[in-house]
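Worksheet: the structure to be examined is printed underneath.
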Amino acid sequence: MADTIVIFGASGDLTSRKLIPALYQLFVKGRLPEASRIVGVSRSDFEHQQWRDALRKTTAEFAGDTFDNAQWARFSETIFYQPGDITNPADFVALGGFLESIESGECGRVYYLSTMPQLYETAITNLGDAGLSDDSNGFRRVIIEKPFGTDLKTAKALNQSIHSSFREDQIYRIDHYLGKETVQNIFALRFANSIFEPLWNRNYVDHVQITVAEEVLVGRRAGYYDTSGILRDMFQNHLLQLLMITAMEPPASYDAALVRDEKVKVLHGIRRMTGGDFASDTVRGQYAGYLDEEGVPAESLTETFAVLKLYCDNWRWQGVPFYLRSGKGMSCRTTQIVIQFKQVPYVLFDDMPKPPIGNRLVIQVQPAEGIQMHFETKVPDSEMRTRTSTLDFSFQGTSGGKSLPDAYQRLLLDALNGDASLFARSDEVELAWSIIDPIIAAWKSPAAPPLHRYQKGLWGPDEAAVWMHQQHREWFDVCPVLR
Ligand code: BG6
């Protein structure tokens, strides 16, 4: 069946930088359903050809060496443009007419909302009112970008409003971290191997560190960022997603409903912070120079760095801290999950480091994707001195030198195929907000822990390291362990 992908916010950055290059790559690989069409919608007045020409430039830039003129010529014939204002219901009726004019017979549609978040609700209502969510003549699905609400109340209201036009199974809420190959590899690591499962619990794991460090600063997004802060921008979505996949139970089958059920159970188990926890179990920071960013108020207390210590109260993880950490202006770009195993119960060799370091499994999500296992080996030609050695697995080495596909390729394809496993469900999003909201509220209250300034290019404020030492633990502060 030929499908149509309708992109609202066609003239935006995401469309040209991510969506069209991803669709182009899927087309080149022959993975887009035959004769699929792409229709861009935004307020600008373009002719079809004008939009194609504009996209050609940006796609060539983002596709790099893999761009091919002949392929583009074929692909671009499937691209159309329809001017429309999301706030104008009549434009949705016109869009419906245009789609019918280019489609024939039964045809599935995916509507991608790549607009300002404030317009999601209006777009969805207008789609519903114009009859564009009616799936009697082919599937109708809607993909919604993040942020999904700004707190629990707005997320609930948004869910409610969407549900009056689309059923939950028609809704695909994006978290682009779930489209990353290495994140999906966590499923393989955990559920396609038997050697890790016996160790993946409170009996063997001391703690888990999930770090998403970014070298970049807030830059041109300062206006948005200052109202959001790092908990809304990174924790409610990406970090909690990584936590869910690391901590979830194996689902009964790899089916969207069952996978998401297991993820949601993790969020149910997260102990909600109360009282003194907000001060003792969190660290807040702001990089020096943030206040000079254009669009940031001089007295802003917005966090650009945060650490949360969370516990998951269930049989598998009782008492095991999950340290979630993210920051802008850090020493490098790295996203890693460190499973720190407990130390050996008794040190047999005099020359072993004391206390022993304990084994670590480092899952490096980006920039280079791979896994590293840390374990002790004997130093050759020593009596019985040990040192930490590593076993490395790099994805790059197994993909024939080709770079891994961008997350959007996988997510777009899954939405077209009706596989929602890598998208967030309504209860998942609401539960995530219910964990984050009280922390945001506490950080705005007089009882908030201090906001530490930190120098750019390091690992956040020194206080975060001191705080970790006080718990007799160390951050795994290593810039990409794999290259
Ligand atoms: C986005 C955040 O969701 O994720 C950005 O809004 C952040 O602030 C980005 O930079 C990080 O994504 P990635 O894929 O580069 O790690």
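The values are calculated or read from the model by the stated rules, or taken from the named source; none is laboratory data. These numbers were taken from a predicted model, which means no experiment stands behind them. Neighbour counts run over all protein chains shown; Cβ positions are idealised from the backbone, glycine included.
Data overview
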quantity: Out of Gly295, Gly276, sole residue that is within 17 Å of Ile439 (Cβ to Cβ) and surrounded by fewer than 16 Cβ atoms within 10 Å (Cβ to Cβ); calculated: Gly276
quantity: Test: residue in the range 313-330 that is without any contact (Cβ under 8 Å) to a residue 60 or more places away in the chain, touching a His at 6+ places or on another chain (Cβ under 6 Å) and either surrounded by 14 or more Cβ atoms within 10 Å (Cβ to Cβ) or over 24 Å from Gly285 (Cα atoms) (or both); calculated: no
quantity: Scan of the range 362-378 for residues that are in a strand (DSSP E or B) and either in contact (Cβ under 8 Å) with a residue 40 or more places away in the chain or within 16 Å of the ligand (Cβ to nearest atom) (or both), ordered by number; calculated: Val362, Ile363, Gln364, Val365, Gln366, Gly370, Ile371, Gln372
quantity: The range 61-84 residues that are more than 13 Å from Val6 (Cβ to Cβ) and touching a residue at least 12 places away in the same chain (Cβ under 8 Å), paired with ones that are part of a helix (DSSP H, G or I) and of a type in the set (Val, Ile, Thr) (beta carbon under 6 Å, 6 or more apart); calculated: Gln71/Val28
quantity: Selected residue (criterion: surrounded by the most Cβ atoms within 10 Å (Cβ to Cβ)) from residues of the range 181-223 that are of a type in the set (Asp, Glu) and out of contact with any Phe, Trp or Tyr (no Cβ under 7 Å at 6 or more places or on another chain); calculated: Glu214
quantity: Residue check, Gln343 touching a Pro at 6+ places or on another chain (Cβ under 9 Å), surrounded by fewer than 18 Cβ atoms within 10 Å (Cβ to Cβ) and touching a residue at least 40 places away in the same chain (Cβ under 8 Å); calculated: yes
quantity: Residue that is at negative phi, assigned to a strand (DSSP E or B) and of a type outside the set (Lys, Arg), where the choices are Val338, Val347; calculated: Val338
quantity: Counted residues, the range 279-292 - those being surrounded by fewer than 18 Cβ atoms within 10 Å (Cβ to Cβ) and in a loop (DSSP other than H, G, I, E, B); calculated: 2
quantity: Tally of residues being away from the ligand (no atom under 12 Å from the Cβ) and either at pLDDT below 95 or not acidic (Asp, Glu) (or both) across the range 232-254; calculated: 12
quantity: Cβ-Cβ under 6 Å pairs, at least 6 apart or on other chains, the range 35-49 side within 17 Å of Tyr112 (Cα to Cα), far side surrounded by 19 or more Cβ atoms within 10 Å (Cβ to Cβ) and of a type in the set (Phe, Trp, Tyr); calculated: Val39/Phe80; Gly40/Trp51; Gly40/Tyr81; Val41/Phe8
quantity: Conditions (1) within 26 Å of the chain's Cα centre (by Cα); (2) part of a helix (DSSP H, G or I): number failed by Ala54; calculated: (1)
quantity: Number of positions in the range 211-223 that are more than 8 Å from the ligand (Cβ to nearest atom) and under 12 Å from Leu239 (Cβ atoms); calculated: 2
quantity: Options Thr4, Thr59, Thr15: the member that is in contact with a Cys (Cβ under 7 Å, 6 or more places away or on another chain), crowded, with 17+ Cβ neighbours inside 10 Å and either assigned to a loop (DSSP other than H, G, I, E, B) or of a type in the set (Val, Ile, Thr) (or both); calculated: Thr4
quantity: Single residue of Ala155, Ala213, Ala192 found to be hydrophobic (A, V, I, L, M, F, W, C) and over 22 Å from Val266 (Cα atoms); calculated: Ala213
quantity: Count of the range 109-137 residues which are under 18 Å from Gly40 (Cβ atoms), among the small types (Gly, Ala, Ser) and more than 21 Å from the chain's Cα centre (by Cα); calculated: 2
quantity: Verdict on Asp226 being within 16 Å of the ligand (Cβ to nearest atom), surrounded by 15 or more Cβ atoms within 10 Å (Cβ to Cβ) and closer than 30 Å to Gln396 by Cα; calculated: no
quantity: Odd one out for Ile79 among (1) farther than 11 Å from Phe27 by Cβ; (2) surrounded by 18 or more Cβ atoms within 10 Å (Cβ to Cβ); calculated: (1)
quantity: Those residues of the range 218-257 which are in a helix (DSSP H, G or I), over 15 Å from Phe148 (Cα atoms) and polar (S, T, N, Q), in sequence order; calculated: Thr246
